Amino acid sequence: MSEFSSTLLTAVSFGLLFAAALASMLVGRRRLWITWLVFPLMGFAGLAALLAAGVVLLGNPGFDSTLPLGLPWLPWHLRMDGLSAFFLALIGIGTITSSLFGPGYVREYLRGPYPLGLLGLMTSLFIIGMELVVLADDAFSFMIAWELMSVSSYFLVAYQHHQPANRRAAFLYLLMAQIGAVLILLSFGIFASFGGAFTFDAFRAIQLSPIWASVAFGLGLLGFGMKAGMFPVHAWLPEAHPVAPSHISALMSGVMLKVAIYGFVRLTFDLIGTLYWSWGVVLLIVGSVTALFGVLYALMQNDVKRLLAYSSVENIGIIFIGLGLAVLFIGAGYPKLGSLGLIAALYHALSHALFKSLLFLGAGTILQQTHEHDMGKMGGLIRRMPWTALFFLIGCISISALPPFTGFVSEWLTFQTALQATILESGVLRAVVPITAAMLALTGALAATCFVKLYGIVFLGQPRSRRVKHAREGTSGMLWGQGLLAGLCLLFGILGAPTVAILSRVVAGLTGSHVTSATAHGWLWLTPVAPEVASYSGPMVLFGVTLALLAWGAVYLLLCKHRRLKPIQRGPAWGCGFGRLTPNMQYTGTAFVMPIQQIFRPVWRVHEEQQRELSTELRSHPTQLGYQLQIEDITWRWLYQPVVKLIQASARKVGLLQTGNLRHYLTYSFVTLVVLLWLIS
Amino acid sequence: MVDFLNPADWVFVWLQTLLFVLLAPLFSGWIKWLKCLLQNRRPPSLLQPYRDLLRLVRKDVLLADNASVLFRGAPYIICGCTVLAASVVPLLVLHQPISAMADVIVLVGLFALARFFLALAGMDVGTAFGGMGSSREMTVSALAEPAMLMVVFTLSMVASSTNLSTLVEHGLQQQSVLRPSILFALIALIMVAIAENARIPVDNPATHLELTMIHEAMILEYSGRHLAMMELASQLKLTTYAVLIIDLFFPWGIAQSASAAGLGMAVVAIAVKLSLLGLLLALGETAVAKMRLFKAPTFLAMSFALAMIGMLSFVILESSK
C-alpha cells in the first residue's frame, strides 16, 4: 500500500511538472498564466514529491520500477531508497518555497523583454531533471537526467541575456557543467567496462581493484565537486548565482548543489562500497580548504548574491568535511562513527538547503524592491521591510551556526564526530582530524562575521540611497515562501533527535550501521555517542532562551510597577558635534571587513586604488578622496588562466595542420588510409 | 539523563543561576577595587556596581530617532543568552540536570549568539562608532572563538567528553598530572578570556577613547535599563569565564553532590579562587599597557596557535595506544 502511494505520488509529481512545462509553452501573450497556472502546478508537484519522499523516510519501503523509455535495449530504471527520498524531500521543499515566492518575483518581468513562458518551461524541466537524478538507478538515465538539469539551468542563468555579463556567466556555467558531466561519465565508464551493464545494481556487484576504485572516486569527486562548488573548481558559482532570477538562485544554490552531493554520496558509499581511509584524508583537506576559502571570499564581497554564492562554497566544504570523516572512519574500521559523520554531512545538506534558499529569497525581495545589487547602497531596510528583515535574520543566525537554529546542530554533530578521532590508531590521522576541526571552527567564526556584515549593512543603519529609502515589503506570497523556510530552520534546529533518527535509517542503508545511540534518550536529547560523552537538547535551549527573556520581562515589570508606562523618548543620535549624522558617516561593508583583510592578506588578489585631489590653495587639504577596491579570485590566476593559455597554445599547434591547401589535405587522407590499412592487416 | 526531571534538582539550578547573576557585579567590583588600590587611588565601595545598575534601571530610556526593533530587543536577548550560558557552567555542584542540556560547544555557541546580536545592535543606529566597534569585535571574535573551541576540544579529548560535568570530574580525578596539552590549553584560554571580555591588553573597559575602544563603542547609544542589561551581561560574561577557567583547570573543592558539608566547602573554595583570579587580573591590568589595535590579531593568533599545539601534543604524544 505504502509502496503504491510513494510510486503514485512520485508519478503525480512528474505529471504536474509536465503539465507546468506544457502550460508554459502555451503562455505566449497570456502572461498572467505563469502566476496563476504554472507556479501553482509546480508548487503542488513539489508537495507531491515531498509527500512521496516522506512516505519512504518514515520507514516504508521505496519502489523500484523500469520505464520503457530511452533506447530499446536500455530501459530507464527508477528506484527510491532512503537516500533518494531524503534528497527528493529537499527538492520538494525547495520547489514549494520557490513557487510560493515566484509569482510575486516575476511581476517585474511581466512587462520586460524576456519571454515568461521560457522561464516556466525551463524551471519545470530543471526540477524534473533534479528529481530524475535522485531517482535514477542506472548510469544511462542518470546521465540524461543530469544533462537535463544542467542544460535547463543554463537557460535559466542566461535568462536575462541582454546583458553581456550574464551571457558570459551562463557560458562559463555550461562549460564547467559539461566538463563535470564528462568526468562523471568516465567514472561510470570504469564500472561499465568491468561489469558490462549500466544498471547501478550491476555496479554495486563489482569489486573494483583499489587503483581503479581510486580512479573512479577521483573522477567522481572532481565531476560532482565541479557541480557542487568545490575549491578550486567553484569558479562558475559566484558568476552564475547572482545573474539568475532569485528564486532560481535559491533552487540552484539550495537544491541543485545538494543533488551534486547526492551523486557523490551515491557513487562513493553505495556504488564503490569499499572505502579507503586515504580518500577520507583527501576529502578532509579538500573540504577544509573549500570551507575556509569560501568564507574568506564571501567576507570580501559587496554584492549580496555573490556573497551568498561564495558562502555556498563554504557550506559545501563543511559537507565535504562530514563526508571525509565518514569515509575516514569507515575506512579505518569504525563504521558506526562513519555513519555519524555521514549523518552530520546529510544534516548539513538539509540545513544549507533551508537557510541558503531562505537567504536567496530574501536577497531576491531586496533586489526586486530596490533594484540594487550593491550593499554599499543599502541600509536601514529593517524599517521598510520588517518581515523580510526578520526572516533574513533567522537565515543569518542559522548560517552562522548559532543555537538553537538548524546550522548549529549539523556543525555540532560534525564536531562531535571529529572529537572521536582519539580512537584511531595512526598518529597522523589523529592529528589530521583535529586540524580539520580547527579549520571548521575558524570557518564558523568567520561566517558569523560575514553575516553580521551582510545583515548590518543591508538592514541596519541609515539608507545609503534614495531607492532603498523608499523600498517596500514584498508580496504576501514572497513572504510566505521565506516564512516557511524560516520556520523550518527553527524546527530542524530544535528537533535534532527525530531528524537524526530518520537520517540514521537513511545512512544505515548505505553503511549497514545504525547509530541508535544518538537518539536512544527520546526526542528531547541528541546524544551522538553516549549521554555521558555529549548531549544537546535543542528544545530546552530554546525553552531556556525564552525563559530568560521572560524573566527579564518580569523583572522589568516589577521594577516599573510604580511608574506609569509612558512611550520611550527619542532623540537624534549624537553626531560628534558635526551636526546630524549622515548615511555617509556609517561604516561601509569594505570598512567592516578591513581588519580581516589585513590579517588574511595573501588569500586574495587585492587591487587597491586611492585617489586624492588636493586643493589648489592649500596643498595639504584634499578636496576629493576616492577609494577603489577589487578582490580577484586567485584561482583565476593560478588555475584557470594557465589552463586557458595551454588550450589556446595547443589549439594553435593543432591549427598548423589546417593550411587551406587542398594537396596537403589529400596527403593527410592518404597517410590516414595507409595507417589504417596497416593497423588492420 | 535518568533523573533530569527531578524538580528538586531544577530548583537548585535556578538558585545557582540566581547566585551567579548576583555574584557577577560583585566580582567586577572586586577587580575594580583591587585595581584602584594597586594604582594608589581611593577605591569605591565593593557594592558600587550594584548601585550603578540600580541607578541605570531607574533612569528613563532615550532612544536614537532611527533605532529599530532589533536595537530595543538586543539587550534582552544578549542578557538572556548570557544568563543561560552562566547557568550551564557548574558553580558549586556537579551533575546538575542542566549540564546535559548544553555541552561546552553549546556554551561557546550561546556566547557567539549574544555577540552576534551585540554586533548587530552596534550597527543599528548608523553611527561611525557603532560600526567600528562591531567590526573590531567581530574581528577579535573571529580569531578568539576558534581558539576557545580548540581549548575545549583539547580538554574534551583528554576527558573523552564535551559534557562540562564530566570534564570537571575528570579534572578532579587526576589532580597531580601536569600535562603539556593542558598547560597550553590553560594559557590559550586565559588569552581568549582576556580578549573576549574586552580587558587589557586587547581592549580597555575603562576608556571611551574613540580610536581604541571595541566593546564600549558598540553600546554607546544605549541608555537606562537597556544599558544596565548590557553592563550586567558583560559582568556576567566575565564571571562565567572566570568560573569556567576555575572549573576546567582548578576544580578542587567543587561539590560532587548537594550535601551541606560539600556545599559549604564549595562556597569557600569558589570564593577564594575567584578572589585570587580577580587579584591576578587586576595585577595584570595594572602592570601591562593596552596594546595597539593592530597588534591584537597577533595576540589572538598566538592563543589559537597555543590551543592548536595543546591539541596536537595531546593527540600525538599523550593518547598513543
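The values are calculated or read from the model by the stated rules, or taken from the named source; none is laboratory data. This one's a predicted model, so the numbers in the text were calculated from it and none came from an experiment. All Cβ positions, glycine included, derive from the backbone under ideal geometry; neighbour counts span all protein chains shown. Surface accessibility is based on the protein's heavy atoms, side chains included, excluding ligands, DNA and RNA. Shrake-Rupley method; radii C 1.70, N 1.55, O 1.52, S 1.80 Å.
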Six or more apart or on different chains, Cβ atoms under 8 Å: show the pairs whose first residue is in segment B:296-310 and over 18 Å from A:Q598 (Cα atoms) and more than 10 Å from chain A (Cβ to nearest Cβ) and whose second is among the polar types (S, T, N, Q) and in a helix (DSSP H, G or I). B:G310/B:T154; B:G310/B:S181
The lone condition A:G28 fails out of (1) surrounded by 18 or more Cβ atoms within 10 Å (Cβ to Cβ); (2) on the phi > 0 side of the Ramachandran plot is (1)
Just checking, how many residues over segment A:456-503 are small (G, A, S) and within 22 Å of the chain's Cα centre (by Cα)? 6
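Just the residues that are charged (D, E, K, R), without any contact (Cβ under 8 Å) to a residue 40 or more places away in the chain and within 30 Å of A:M300 (Cα to Cα), please, taken from segment A:623-667.
Listed by number, the residues that qualify are A:E632, A:R637, A:K645.
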Return the total of residues in segment A:69-110 being assigned to a loop (DSSP other than H, G, I, E, B), over 18 Å from A:G263 (Cβ atoms) and not small (G, A, S). 7
(1) more than 14 Å from every other protein chain (Cβ to nearest Cβ); (2) over 43 Å from the mean Cα position of the chain (by Cα): which one isn't true of A:P567, the others all being true? (1)
Just one of (1) of a type outside the set (S, T, N, Q); (2) open to solvent by less than 70 Å² (accessible area, probe 1.4 Å); (3) part of a helix (DSSP H, G or I) trips up B:L283, so point out which. (2)
Only one of (1) hydrophobic (A, V, I, L, M, F, W, C); (2) under 23 Å from B:G109 (Cα atoms); (3) assigned to a helix (DSSP H, G or I); (4) touching a Pro at 6+ places or on another chain (Cβ under 9 Å) does not apply to A:M478, and that is (2)
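If you check A:G376, A:G380, which single one turns out to be in contact with a Gly (Cβ under 9 Å, 6 or more places away or on another chain), within 10 Å of chain B (Cβ to nearest Cβ) and touching a residue at least 24 places away in the same chain (Cβ under 8 Å)?
On the way: A:G376 fails: within 10 Å of chain B (Cβ to nearest Cβ).
Result: A:G380 is the single residue among A:G376, A:G380 that is in contact with a Gly (Cβ under 9 Å, 6 or more places away or on another chain), within 10 Å of chain B (Cβ to nearest Cβ) and touching a residue at least 24 places away in the same chain (Cβ under 8 Å).
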Test set (1) part of a helix (DSSP H, G or I); (2) farther than 20 Å from A:T588 by Cα; (3) more than 8 Å from chain A (Cβ to nearest Cβ); (4) open to solvent by less than 10 Å² (accessible area, probe 1.4 Å) - B:A121 fails condition number: (2)
Restricting attention to segment B:69-86, which residues are open to solvent by less than 10 Å² (accessible area, probe 1.4 Å) and at the interface with chain A (Cβ under 9 Å from one of its Cβ atoms)? B:F71, B:P75, B:C79, B:G80, B:C81, B:T82
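Could you pull out the residue among B:V140, B:V88, B:V108 that is under 24 Å from B:G262 (Cβ atoms) and in contact with a helix residue (DSSP H, G or I) (Cβ under 9 Å, 6 or more places away or on another chain)? Full working, then the answer.
Details: B:V140 fails: under 24 Å from B:G262 (Cβ atoms); B:V108 fails: under 24 Å from B:G262 (Cβ atoms).
After ruling out the rest, the residue left standing is B:V88.
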If B:E318 satisfies all but one of (1) closer than 21 Å to A:L446 by Cα; (2) surrounded by 14 or more Cβ atoms within 10 Å (Cβ to Cβ), what's the number of the condition it fails? (1)
Only one of (1) closer than 15 Å to A:M439 by Cα; (2) open to solvent by less than 10 Å² (accessible area, probe 1.4 Å) is not met by A:F293, so which one is it? (2)
Every pair of residues 6+ apart whose Cβ atoms lie under 8 Å, when the first sits in segment A:69-84 and is in the same structural domain as A:T10 (by TED's automatic domain parsing) while the second is hydroxyl-bearing (S, T, Y) and open to solvent by 60 Å² or more (accessible area, probe 1.4 Å): A:P75/A:T66; A:W76/A:T66; A:H77/A:T66; A:L78/A:T66
Conditions (1) surrounded by fewer than 22 Cβ atoms within 10 Å (Cβ to Cβ); (2) facing chain B (nearest Cβ under 9 Å); (3) in a loop (DSSP other than H, G, I, E, B); (4) out of contact with any Leu (no Cβ under 7 Å at 6 or more places or on another chain): number failed by A:G575: (4)
Within segment A:622-658, tally of residues that are touching a strand residue (DSSP E or B) at 6+ places or on another chain (Cβ under 7 Å) and of a type outside the set (S, T, N, Q): 9
Please verify whether segment B:161-168 includes one or more residues that are open to solvent by 20 Å² or more (accessible area, probe 1.4 Å) and among the small types (G, A, S). no
Looking at segment A:234-246, is at least one residue buried (at least 23 other Cβ atoms within 10 Å of the Cβ) and of a type in the set (D, E)? no
Criterion: within 14 Å of chain A (Cβ to nearest Cβ), assigned to a helix (DSSP H, G or I) and not small (G, A, S) - qualifying residue of B:L23, B:L54: B:L54
Of the numbered conditions (1) surrounded by 23 or more Cβ atoms within 10 Å (Cβ to Cβ); (2) at the interface with chain A (Cβ under 7 Å from one of its Cβ atoms), B:R115 fails exactly one; give the number of that condition. (2)
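Evaluate segment A:62-81: report whether one residue or more is open to solvent by less than 10 Å² (accessible area, probe 1.4 Å) and in contact with a strand residue (DSSP E or B) (Cβ under 9 Å, 6 or more places away or on another chain).
Within segment A:62-81, the subset open to solvent by less than 10 Å² (accessible area, probe 1.4 Å) is A:80.
Retained after the next criterion (residues that are in contact with a strand residue (DSSP E or B) (Cβ under 9 Å, 6 or more places away or on another chain)): A:80.
Looking through segment A:62-81, at least one residue is open to solvent by less than 10 Å² (accessible area, probe 1.4 Å) and in contact with a strand residue (DSSP E or B) (Cβ under 9 Å, 6 or more places away or on another chain).
Restricted to segment A:44-62, and to residues that are at pLDDT 85 or above and farther than 10 Å from A:T95 by Cβ, which residue is nearest to the chain's Cα centre (by Cα)? I'd like the intermediate steps shown before the answer.
Residues of segment A:44-62 that are at pLDDT 85 or above, as a first pass: A:44-58.
If we keep only those that are farther than 10 Å from A:T95 by Cβ too, we end up with A:51-58.
Values: A:L51: 23, A:A52: 23, A:A53: 20, A:G54: 22, A:V55: 25, A:V56: 24, A:L57: 22, A:L58: 25 Å.
Looking at the filtered set, the residue picked out is A:A53.
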Flag if B:Q256 is open to solvent by 20 Å² or more (accessible area, probe 1.4 Å) and modelled with pLDDT under 90: yes
